[in-house]
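What follows is a single structure, written as structure tokens, with notes after it.
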Amino acid sequence: MKKTFKLNIEGKNRDRVLDAIKHDIRKYVKRQRRVPLPEGVDFWDFDCRFGASEEAATVVHFATMIPLVDAAAKDGADAFYLELLAKEGRRTQRPRSLDAQADGEARTQDTVPGE
């Protein structure tokens, strides 16, 4: 999806337009995730870009997409550019040193002081 969304549409409430835009984004993501995975692929990932225009768009993390849309609306922007491109995602194993470190942190959090 490569699209410039307009927030100010004559005759429509800005809040409802914002809700419709977020619905379209979520609908696109759900549709892409339903596409059968190719052999050797674990999940669908997304390359994302966001900005006031296509030229000014910067790479952002997928999880920050909806908060960025909210921030653009709150700042009073008339429109914004959003690019979501599905790509193949493969899981990787976490290095052993990080596993041991995470286990140690989990154990220290589980213990209650004074026991």
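Every read-out reported here was derived from the displayed coordinates using simple, explicitly stated rules and does not represent laboratory data. Just so we're clear, the structure is a prediction, and the values are computed from it rather than from any experiment. Glycine gets a Cβ as well: all are built from the backbone with ideal geometry, and neighbour counts include every protein chain shown.
Brief remarks follow.
- Evaluation of residue 63 against (1) of a type in the set (Gly, Ala, Ser); (2) closer than 21 Å to residue 14 by Cα; (3) within 11 Å of the chain's Cα centre (by Cα) (one fails), failing number: (2)
- Scope the range 64-83; condition out of contact with any strand residue (DSSP E or B) (no Cβ under 9 Å at 6 or more places or on another chain), of a type outside the set (D, E, K, R) and without any contact (Cβ under 8 Å) to a residue 40 or more places away in the chain; matching residues: 67, 71, 76
- Total residues in the range 35-63 satisfying the condition of being surrounded by fewer than 12 Cβ atoms within 10 Å (Cβ to Cβ) and either of a type outside the set (A, V, I, L, M, F, W, C) or in contact (Cβ under 8 Å) with a residue 24 or more places away in the chain (or both): the figure is 12.
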